[in-house]
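**Q** Quick one: this structure, given as structure tokens, is what I'll be asking you about.
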Amino acid sequence: MTIEEYIQETILPQYDSFDGGHKRDHAETVIRESLQLARAYKADESMAYVIAAYHDLGLRYGREKHHIYSGEILMNDANLRQWFTQEQLLLMREAIEDHRASSDHPPRSLYGAIVAEADRQITPEKVIRRTMAYSAKLYPNGDFETLYQRSKEHLLEKYAEGGYLRLWLNSERNRIGLESLRDLIRNEEQLRAVCKDWFLQQSSDNTAD
């Protein structure tokens with residue numbers, strides 16, 4: 001079995017049980033972005049691939065320390081030792097621990113910067129919809145106004161000027177995306193409309209079920 005087969009068959013399916021903003025498609029996107037950045041910075045692509053695949057697995061234990069748990073899951077996976085040395089695995093764990101947007105320190109290695117940058121995925125409407133999805137998970141019985149106000153507060157705290165999000169590699173895609181997202185956040189009417197569209201779609205899907 002190759003490392004790619006192992007990840008596809010054993011690791012990525014674990015994302016299927018996570019919230020709407022962190023399902024398998026999210027992990028797959030982080031993998032693609034990580035590989036592109038690894039090539040650009042001449043980093044080890046296999047390491048970048050696995051780091052991206054494991055980066056959010058700790059969500060099964062909750063969001064607050066998911067980056068720590070994700071690193072532990074990687075280190076405790078004995079199957080990885082057929083492809084990586086102990087030193088590589090330690091570096092990969094550090095990278096996973098450093099990927100979180102609210103981290104109080106810069107990534108300790110290029111690999112941490114790569115997965116952090118890949119994880120940002122700043123596509124304005126997608127970010128807003130993911131934020132609403134997580135708000136709905138926090139408040140499963142919340143009405144639109146409850147979910148909207150929580151989402152707006154989070155978007156301002158994280159993405160607005162002076163927010164805690166940092167772009168360690170400042171990729172062009174994320175830089176442009178962040179500028180567009182900030183424009184949307186400043187436009188209250190447009191922000192509310194995007195959130196409302198998501199809410200109505202979810203309500204429609206739930207009714208259909």
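The values are calculated or read from the model by the stated rules, or taken from the named source; none is laboratory data. Only a predicted model underlies this, so the values are computations on that prediction, with no experimental measurement involved. A quick note on method: Cβ atoms are made from the backbone with ideal geometry, for glycine too, and the neighbour counts reach across all protein chains shown. Calculation scope for accessible area: heavy atoms of the full protein, side chains included, ligands and nucleic acids excluded. Shrake-Rupley method; radii C 1.70, N 1.55, O 1.52, S 1.80 Å.
**Q** Out of the residues in the stretch 180-191 that are within 23 Å of the chain's Cα centre (by Cα) and open to solvent by less than 80 Å² (accessible area, probe 1.4 Å), which is farthest from T131 (Cα to Cα)?
**A** The selected residue is S180.
**Q** Within the bounds of the stretch 187-207, is there any residue that is in contact (Cβ under 8 Å) with a residue 12 or more places away in the chain and among the hydroxyl-bearing types (S, T, Y)? Outline the logic, then answer.
**A** Step one: list which residues in the stretch 187-207 are in contact (Cβ under 8 Å) with a residue 12 or more places away in the chain, which gives 191-192, 194-196, 198-199, 202.
Retained after the next criterion (residues that are among the hydroxyl-bearing types (S, T, Y)): none.
No.
**Q** Based on what the data block shows, is K126 closer than 21 Å to E172 by Cβ and open to solvent by 60 Å² or more (accessible area, probe 1.4 Å)?
**A** yes
**Q** Scan the stretch 55-72 for residues that are aliphatic (A, V, I, L, M) and surrounded by fewer than 21 Cβ atoms within 10 Å (Cβ to Cβ) and jot them down.
**A** Once the filter is applied, which keeps residues that are aliphatic (A, V, I, L, M) and surrounded by fewer than 21 Cβ atoms within 10 Å (Cβ to Cβ), the stretch 55-72 yields L59, I68.
**Q** So T146 fits all but one of (1) open to solvent by 40 Å² or more (accessible area, probe 1.4 Å); (2) more than 16 Å from K196 (Cα to Cα); (3) of a type in the set (S, T, N, Q); what number is the exception?
**A** Of the numbered conditions (1) open to solvent by 40 Å² or more (accessible area, probe 1.4 Å); (2) more than 16 Å from K196 (Cα to Cα); (3) of a type in the set (S, T, N, Q), the odd one out for T146 is (2).
**Q** Right, another one. Which condition does H99 not pass, out of (1) part of a helix (DSSP H, G or I); (2) crowded, with 22+ Cβ neighbours inside 10 Å, if it passes all the others?
**A** The number of the failed condition is (1).
**Q** Shifting gears a bit: Select from the stretch 105-126 the residues that are under 21 Å from D183 (Cβ atoms) and without any contact (Cβ under 8 Å) to a residue 24 or more places away in the chain and list them in ascending order.
**A** The answer is K126, and nothing else.
**Q** Take R129 and decide whether it is assigned to a helix (DSSP H, G or I), under 30 Å from E188 (Cα atoms), charged (D, E, K, R) and touching a residue at least 40 places away in the same chain (Cβ under 8 Å).
**A** Numbers: assigned to a helix (DSSP H, G or I): yes; under 30 Å from E188 (Cα atoms): yes; charged (D, E, K, R): yes; touching a residue at least 40 places away in the same chain (Cβ under 8 Å): yes.
Judged against the criteria, R129 is a match.
**Q** Restricting the search to the stretch 74-93, which residues are surrounded by 14 or more Cβ atoms within 10 Å (Cβ to Cβ), among the charged types (D, E, K, R) and either farther than 19 Å from Q8 by Cα or in contact with a Lys or Arg (Cβ under 7 Å, 6 or more places away or on another chain) (or both)?
**A** R93
**Q** Just need a number here: residues in the stretch 135-191 that are within 19 Å of E117 (Cβ to Cβ), in a loop (DSSP other than H, G, I, E, B) and not hydroxyl-bearing (S, T, Y).
**A** Step one: list which residues in the stretch 135-191 are within 19 Å of E117 (Cβ to Cβ), which gives 158-159, 163-182.
After this cut, where a residue has to be in a loop (DSSP other than H, G, I, E, B) as well, the list is 163-171.
Add one more test, that the residue is not hydroxyl-bearing (S, T, Y), and what stays is 163, 165-170.
Residues flagged as within 19 Å of E117 (Cβ to Cβ), in a loop (DSSP other than H, G, I, E, B) and not hydroxyl-bearing (S, T, Y) within the stretch 135-191 amount to 7.
**Q** Regarding L156, is this residue open to solvent by 60 Å² or more (accessible area, probe 1.4 Å), touching a residue at least 60 places away in the same chain (Cβ under 8 Å), more than 17 Å from the chain's Cα centre (by Cα) and on the phi < 0 side of the Ramachandran plot?
**A** Details: open to solvent by 60 Å² or more (accessible area, probe 1.4 Å): yes; touching a residue at least 60 places away in the same chain (Cβ under 8 Å): no; more than 17 Å from the chain's Cα centre (by Cα): yes; on the phi < 0 side of the Ramachandran plot: yes.
No: the conditions fail for L156.
**Q** Taking the criterion of being polar (S, T, N, Q) and under 20 Å from Y134 (Cα atoms), would at least one residue in the stretch 33-51 satisfy it? Working first, answer last.
**A** If we filter the stretch 33-51 for residues that are polar (S, T, N, Q), which is where we start, we get 34, 36, 46.
Imposing the further condition that a residue be under 20 Å from Y134 (Cα atoms) reduces the set to none.
No: the stretch 33-51 contains no residue that is polar (S, T, N, Q) and under 20 Å from Y134 (Cα atoms).
**Q** Kindly indicate whether T10 is among the hydroxyl-bearing types (S, T, Y) and at pLDDT below 95. Lay out the reasoning, then the answer.
**A** On the way: among the hydroxyl-bearing types (S, T, Y): yes; at pLDDT below 95: no.
Criteria not met by T10.
**Q** Sticking with this structure for a sec: Considering only the stretch 67-99, state which residues are within 26 Å of L165 (Cβ to Cβ) and touching a residue at least 24 places away in the same chain (Cβ under 8 Å).
**A** If we filter the stretch 67-99 for residues that are within 26 Å of L165 (Cβ to Cβ), which is where we start, we get 67-74, 91-99.
H67, I68, S70, G71, L74, L91, M92, A95, I96, E97, D98, H99, listed by residue number.
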